[in-house]
Amino acid sequence: MTNIASPLTGNPADYVNTTVVFGEIKKTIISKDFKGGKISSLFGATKLDFTNADIKGVVVLDISQVMSETKIRVPSDWRVEADQTLFLATIDDKRTYISQSINAGKVLILTGTSVFGAVTIKNTL
C-alpha cells in the first residue's frame, strides 16, 4: 500500500483534500505532479477533473463516502485501479478507449470505503 504524503510537505496544489456534507464540490486539478489526496463526503457530491493534470508513478486517492457520489475525469492514458470497500455501492468505469494505450507509469489507485454511494470514472464529458 502506498502512503499518502502530507500536503504540508510539498506544494498544496499537488494534493486534493475535500470534505462535503450536504453539498457539492467541483475541482479542476492542473498539477503536473499530482501526489494524491483524500475525499470525504456525507450526503454530497464531489467532481474532480484531472484531464489537465499529470502523475508520476503510483498515486493514491482515498475516497470515504456515505450516501454520496464521486465523479472523476482522468486522461485516457492513466491506469485507474479501484481497491475500495463497497457496501451497497458501485464503482463504474465509463472510460472510452481510443487507439492510445495505457501508460504503465501513470497509475491512480482509488481506496477507501463507499456506503450507499457511487464512484464514476470517465475520460470524456
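I want the local charge near Lys38. Using Cβ-Cβ distances under 14 Å, sum +1 for each Lys or Arg and -1 for each Asp or Glu among the other residues. Let's see the in-between values first.
On the way: positive: Lys27, Lys35; negative: Asp14, Asp62.
Charge balance in the 14 Å sphere: 0.
Give me the dipole magnitude in Debye, nearest 20, for the chain about the Cα centre, with unit charges on the beta carbon: positive for Lys and Arg, negative for Asp and Glu. Spell out each step's value before the answer.
On the way: 14 positive and 12 negative charges, 47 e Å.
In total the dipole reaches around 220 debye.
What part of the accessible area of the chain, given as a whole %, is carbon or sulfur when the probe is 1.4 angstrom? Please list the in-between numbers first.
Working: 3710 of 6650 Å².
Looking at the chain in its full context, I get 56 percent from C and S.
Find the Cα radius of gyration of the stretch 80-123, compare it with 2.2 N^0.38 Å by division, and give the number to two decimals. Mind showing how you got there, number by number?
Numbers: Rg = 12.1 Å, N = 44, 2.2 N^0.38 = 9.3 Å.
Relative to the 2.2 N^0.38 Å estimate, the stretch 80-123 comes out at 1.31.
So how compact is the chain: Cα radius of gyration and Dmax in angstrom?
Final numbers for Rg and Dmax: 13.6, 40 Å.
Just want to confirm a number: the relative contact order over the stretch 1-124, from Cα pairs under 8 angstrom separated by 6+ residues, in percent.
24 percent
Give me the accessible area per residue for the chain, probe 1.4 Å, as a whole number in Å². Display every interim value, and only then the final one.
Working: 6650 Å² over 125 residues.
Result: 53 Å² of accessible area for each residue.
The values are calculated or read from the model by the stated rules, or taken from the named source; none is laboratory data. These numbers come from a predicted model, not from an experiment. For neighbour counting, all protein chains shown are included, and Cβ atoms are generated from backbone atoms with ideal geometry for every residue, glycine included. Just so you know, the surface numbers come from the protein's heavy atoms only, side chains and all, with ligands and any DNA or RNA stripped out. Shrake-Rupley method; radii C 1.70, N 1.55, O 1.52, S 1.80 Å.
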